[in-house]
Amino acid sequence: MLKIPDGGWVPIVVAAGMVAIMATWLRGSKILSRQHRLRSMSFAAFKRLWPTTGLIRSKGTGVFLTTSRIGIPPALTTLYRSLHVLPEKVILLSIQVEDVPFISFGAEHSSVSDA
């Protein structure tokens, strides 16, 4: 406590600033994740948006990040609603973080489909 007046307050202020940034980031991530879950729609609801004459596809592959493994991400829905076109191949990518140092990964964990 005796060093605080002589400059010891600097590390305390820096640490408090970092804690504030991390707390804000964590809260924002939780809010964003909740909003993505609420705005995602089921595949059946997304398919009802398609025209009855057929779906227009653009060349290439679209990769859409999602926080949920269930439903269509809002980015894909927004893309289709604004351009009325989908890429030839659509990849929905969800990254799951584990609290263990190593994870066994093999063919049984892969979830690739041609739907």
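No value in this document is a laboratory result; all are computed from the given coordinates. Predicted model, so just to flag it, every value in this text is computed and none were measured. For neighbour counting, all protein chains shown are included, and Cβ atoms are generated from backbone atoms with ideal geometry for every residue, glycine included.
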> Shape of region 14-115 from its Cα gyration tensor (a ≥ b ≥ c, root eigenvalues): rounded if a/c is under 1.5, otherwise prolate when a/b > b/c, or oblate?
Replying inline: oblate
> Dipole magnitude of the chain about its Cα centre, charges +1 at Lys/Arg Cβ and -1 at Asp/Glu Cβ only, in debye to the nearest 20?
Replying inline: 600 debye
>> Ignoring everything except DSSP H segments at least 4 long, calculate the 222 nm mean residue ellipticity for the chain; use -39,500 (n - 2.57) per segment, divide by total residues, nearest 500.
In response: -13000 deg cm²/dmol
> What list of ³J(HN,Hα) couplings, whole Hz, do you get for region 57-72 from phi and the Karplus terms 6.51, -1.76, 1.60, once you set θ to phi - 60° and write x for glycine and proline?
Replying inline: 10, 9, 6, x, 10, x, 10, 10, 7, 9, 8, 10, 8, 10, x, 8
> Considering the zone a paramagnetic label at His84 would reach in this model (a point 7 Å from Cα along the Cα-to-Cβ line), which residues of region 44-72 have amide N under 13 Å from it?
Replying inline: 50-57
> Hey, which lysines would be in cross-link range of Lys59, C-alpha to C-alpha under 18 Å, not counting anything within fewer than 8 residues on its own chain?
Replying inline: Lys89
